[in-house]
1. Contour minus end-to-end for residue 131 and residue 80, with contour as 0.36 nm per residue of separation and end-to-end as the Cα-Cα distance?
2. Full-extension gain between residue 140 and residue 196, please, as 0.36 nm times their residue separation minus the C-alpha to C-alpha distance.
3. Run the simple label-point estimate for residue 92 and residue 226 please: 7 Å along Cα→C-beta, distance reported in nm.
4. Testing the spin-label approximation: label points 7 Å from Cα along Cα→Cβ at residue 34 and residue 219. State their distance in nm.
5. Under Stokes-Einstein, with the Kirkwood radius over Cα pairs standing in for Rh, what whole-number D in µm²/s applies to the stretch 59-112 at 20 °C and 1.002 mPa s?
6. When the Debye formula is applied to the Cα atoms of the stretch 107-237, each taken as the same point scatterer, what base-10 log of I(q)/I(0) results at q = 0.14, 0.15, 0.16, 0.18 Å⁻¹?
7. Per 0.36 nm of contour for each residue apart, how much would the distance between residue 234 and residue 153 grow if the chain were fully extended, relative to their Cα-Cα spacing?
8. Below 8 Å, C-alpha to C-alpha, sequence gap of six or more: please give me the relative contact order for the stretch 66-190 in percent.
Ligand SMILES: [Zn+2]
């Protein structure tokens, strides 16, 4: 008999059974990561911006002791010893050309040198006290390279990218990619899954992005009060 299947009320009359049926919906401070963009242009760090040669071909300042990320990590570890610290690792804030890796003479990406450098920077962040290394570059095999250098130096498991043994994954940006979040969680149910809620939006951007998400998730027909605006916006594009 399937008479009782789907009959939910009996499970909601006690706070404990209610809680059992509402997994993954409560939000606590443990679910939150606060993104901080550390700059060396703040007055307090004036001595750093006055350093000669901030930017170079290989982003040498990324792992210097005076790198903003390392100074901030040190400071946060001192002020808030209980806080979990995750560092975004990339070279683009530190390279003279603004790319996320090291370039060959012809301007193409040198993947081997890039992942070597990303691994060095990751090690420096780990030494500064960072708990989670989160590489945001898109170099091939960098998680493996980072994992190698961290393990060789006594830091275990601090990276992502599942094929190479990552410990967590992230989808960015957030709201308009919930279908991708679902697919990712289904594929890797045992890994913590982070979602990055991007910053402020204007109306047109958020409406168009949410409609893209609806289409990608499988909707063929979208019923929306924004049709008049959408017809204008689509004409503009
Ligand atoms: Zn980058």
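1. Numbers: separation 51, 0.36 × 51 = 18.36 nm, distance 1.31 nm.
Once the chain is fully extended between residue 131 and residue 80, it gains 17.0 nm.
2. 17.9 nm
3. Taking the simple label geometry, residue 92 and residue 226 are separated by 2.5 nm.
4. It works out to 3.4 nm between the two label points.
5. D = 168 µm²/s.
6. -0.78, -0.84, -0.89, -0.99
7. Values: separation 81, 0.36 × 81 = 29.16 nm, distance 5.39 nm.
Length difference between fully extended and current span is 23.8 nm.
8. Values: 161 pairs, mean separation 25.4, N = 125.
So the answer I get is 20 percent.
Computed from the coordinates by the stated procedures, all read-outs in this text should not be read as laboratory data. Note that the coordinates shown come from a computational prediction; the quantities given were computed from them, not determined experimentally. Cβ sites come from the backbone with ideal geometry, for glycine too, and all protein chains shown count toward neighbours.
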